[in-house]
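Since the structure comes first, as structure tokens, the remarks are kept for the end.
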Amino acid sequence: MATMNKIRLKIDGKDVEVLEGTTLAAAIYQAGGTTFHHSVSGQPRGPLCGMGICFDCRVTLNGTPHVRSCMNLCREGMEVTTR
Amino acid sequence: MRIAVIGAGPGGLAAAATAAENGADVLLVDENPRAGGQIWRHGPMAPPPKLAMEWIRRIQAQRIETHFGVTVLGRDSNGLVAYSEQEGHVCLQCDKIILATGARELFLPFPGWTLPNVFGAGGAQALLKAGMPVEGKRIVVAGSGPLLLAVAATFAKKGAHVVGILEQAGIHSLLQFAPELIRHPAKLIQGVGFGTRLFPTRPRFGTWVCRAMGNDIVREVIATDGKREWPLPCDILACGFGLVPNVELAQALGCDVEKGKVSVDEHQATSQSGVYCVGESTGIGGEDVALLEGEIAALAALDIPNVTSKIHERWRWESFVSNLGRAFALRKEVLQLAEDTTTVCRCEDVSFGVLKNQPDQRSAKLYTRCGMGPCQGRVCGPACHELFGWELNKPRWPLSPVTLDALLDSQ
């Protein structure tokens, strides 16, 4: 069971506090984001499948690009960049 | 005996618990950050259902080596090769393998389906459970399958306004399914439960979304019953057209796949010696079937006899499963929603107009890059199969995008 501890991380330079067990994707929505990246032709995109299949939720995590935000849980001090 | 169980949904949990309780050394691997799979997905906003907790406790009571957030990429001489987005290369040595890779949603392209806040039905539910805020948001749930009601109920419970539930299957087609609900009353009770939570939003049958509109986020969808169209302003569209078995890993291990399902015998053994497969990847059957199959596979992998009663119980679900598929069969109109400018391959932005002149998946891949992006055709492949009748390409190693560092580590 998830405990109710708070986790602090940075999303696009903004400080965000979420409950432990929250995925990066959910944290981005909590911070008010809806566009997670842009497609190869520049269309705005966000998660479609929510379960690691579509890769439309990908973000840059601590400098590593193309990380699926719906498949990774928030950890203290993470830095996430959407594009 | 070291058994690797791939997937920690109902089928995988049942297989792992049963194998460990019978003396096997078990490795349980899942791509998701926690156990439960899709149907038992839980998170800070949603506790796991009681049945899920029972199985998770059985897993925890055993000494099982668990790897979450780990994607299996294929097999080499040392065992299964896997990858974690946060930790890199992982090697999983094992004697036997039980695949419980589950299913994903079928997405059919329609104008506007690539807009942010257009999700799969299960996709929207997964994001909600992971912590996506939905209170006060207007949601349209559309597509097909029993999942739609469950999704609408979850959103209603969390304070979202369900402004429409549009099921493409007609009421006549669905009524044929009624006798099965009487034979499996637990499913009927579940359905009635969703219904009471949703009042006054009742599902409309024989209706679907033909277009989603908005600039950088969905603002409105157009609903239709084939005769007239009407707008539904909304903040979220949750739209899925049923489920597609995840067969890629089984195919990569050389297992026979027929009609999009992993072929198994009555003991869940695949065509590859020492490889078993359970749950949705062998055909869409739901959690009850997956649990039974998980137990059967674990006992079979350990050569433990006396699984006959479980096999008989498994057969009892056969007609439920096949009639479910018939009741929610896709109407031709939902296969004709894409316009020439509608994106079909979301990874490479390949449009319907470009694809419709291609003879097959292979040629589409070579000439248009359809299916060559990060999802490796997992979204557009089944869509093209439905739209154009194309057979799916066999997946290639590595099954999922991986960094070069991790690949070099695996050598």
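Quick look at the numbers
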quantity: Conditions (1) touching a residue at least 60 places away in the same chain (Cβ under 8 Å); (2) in contact with a strand residue (DSSP E or B) (Cβ under 6 Å, 6 or more places away or on another chain): number failed by B:Gly226; calculated: (2)
quantity: Single residue of B:Pro133, B:Pro111 found to be in a loop (DSSP other than H, G, I, E, B), touching a strand residue (DSSP E or B) at 6+ places or on another chain (Cβ under 7 Å) and surrounded by fewer than 21 Cβ atoms within 10 Å (Cβ to Cβ); calculated: B:Pro111
quantity: Residues being among the polar types (S, T, N, Q) and more than 14 Å from chain A (Cβ to nearest Cβ) - total across the range B:210-227; calculated: 1
quantity: Selection within the range A:59-69 - within 27 Å of B:Ala142 (Cα to Cα) and either among the β-branched types (Val, Ile, Thr) or facing chain B (nearest Cβ under 7 Å) (or both); calculated: A:Arg68
quantity: Any hit, the range A:5-12, residues being facing another protein chain (nearest Cβ under 7 Å), over 18 Å from B:Ser84 (Cβ atoms) and without any contact (Cβ under 8 Å) to a residue 24 or more places away in the chain; calculated: no
quantity: Pair list, Cβ < 6 Å and 6+ apart or interchain, from the range A:52-79 residues that are without any contact (Cβ under 8 Å) to a residue 24 or more places away in the chain to residues that are among the acidic types (Asp, Glu) and not in a loop (DSSP other than H, G, I, E, B); calculated: A:Asn62/A:Glu79
quantity: B:Arg183 being surrounded by fewer than 21 Cβ atoms within 10 Å (Cβ to Cβ), of a type in the set (Lys, Arg) and within 24 Å of B:Lys137 (Cα to Cα); calculated: no
quantity: Test: A:Thr81 is surrounded by fewer than 17 Cβ atoms within 10 Å (Cβ to Cβ) and either out of contact with any strand residue (DSSP E or B) (no Cβ under 7 Å at 6 or more places or on another chain) or under 29 Å from B:Ser351 (Cα atoms) (or both); calculated: yes
quantity: Odd one out for B:Ala238, checked against (1) of a type outside the set (Val, Ile, Thr); (2) closer than 28 Å to B:Asn323 by Cα; (3) free of Cβ contacts under 8 Å to residues at least 12 places away in the same chain; calculated: (3)
quantity: Pairs with Cβ under 6 Å, 6+ apart, first in the range B:339-351 and at the interface with chain A (Cβ under 10 Å from one of its Cβ atoms), second in a strand (DSSP E or B) and of a type in the set (Gly, Ala, Ser); calculated: B:Thr343/B:Ser351
quantity: Any chance B:Ser281 is closer than 21 Å to B:Leu147 by Cβ and within 14 Å of chain A (Cβ to nearest Cβ); calculated: yes
quantity: Matching residues, the range B:357-411, being part of a helix (DSSP H, G or I) and touching a Phe, Trp or Tyr at 6+ places or on another chain (Cβ under 9 Å); calculated: B:Gln361, B:Arg362, B:Ala364, B:Cys380, B:Gly381, B:Pro382, B:Ala383, B:Cys384, B:Glu386, B:Leu387, B:Ala406, B:Leu407
quantity: Residue check, B:Ala142 out of contact with any strand residue (DSSP E or B) (no Cβ under 9 Å at 6 or more places or on another chain) and among the hydrophobic types (A, V, I, L, M, F, W, C); calculated: no
quantity: Residue match in the range B:93-102 (condition: farther than 18 Å from B:Phe328 by Cβ, hydroxyl-bearing (Ser, Thr, Tyr) and not in a helix (DSSP H, G or I)); calculated: yes
quantity: Residue, surrounded by the fewest Cβ atoms within 10 Å (Cβ to Cβ), within the range A:21-49, restricted to residues that are in a loop (DSSP other than H, G, I, E, B) and more than 7 Å from chain B (Cβ to nearest Cβ); calculated: A:Gly42
quantity: Subset tally (residues that are in contact with a Phe, Trp or Tyr (Cβ under 9 Å, 6 or more places away or on another chain) and part of a helix (DSSP H, G or I)) for the range B:321-340; calculated: 6
quantity: Hits in the range B:1-30 (condition: surrounded by fewer than 24 Cβ atoms within 10 Å (Cβ to Cβ) and in a helix (DSSP H, G or I)); calculated: B:Ala20, B:Glu21
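Each value in this text was obtained by applying a stated rule to the coordinates, not by laboratory testing. These numbers come from a predicted model, not from an experiment. So basically every Cβ, Gly included, is an ideal-geometry build from the backbone, and we count neighbours across all protein chains shown.
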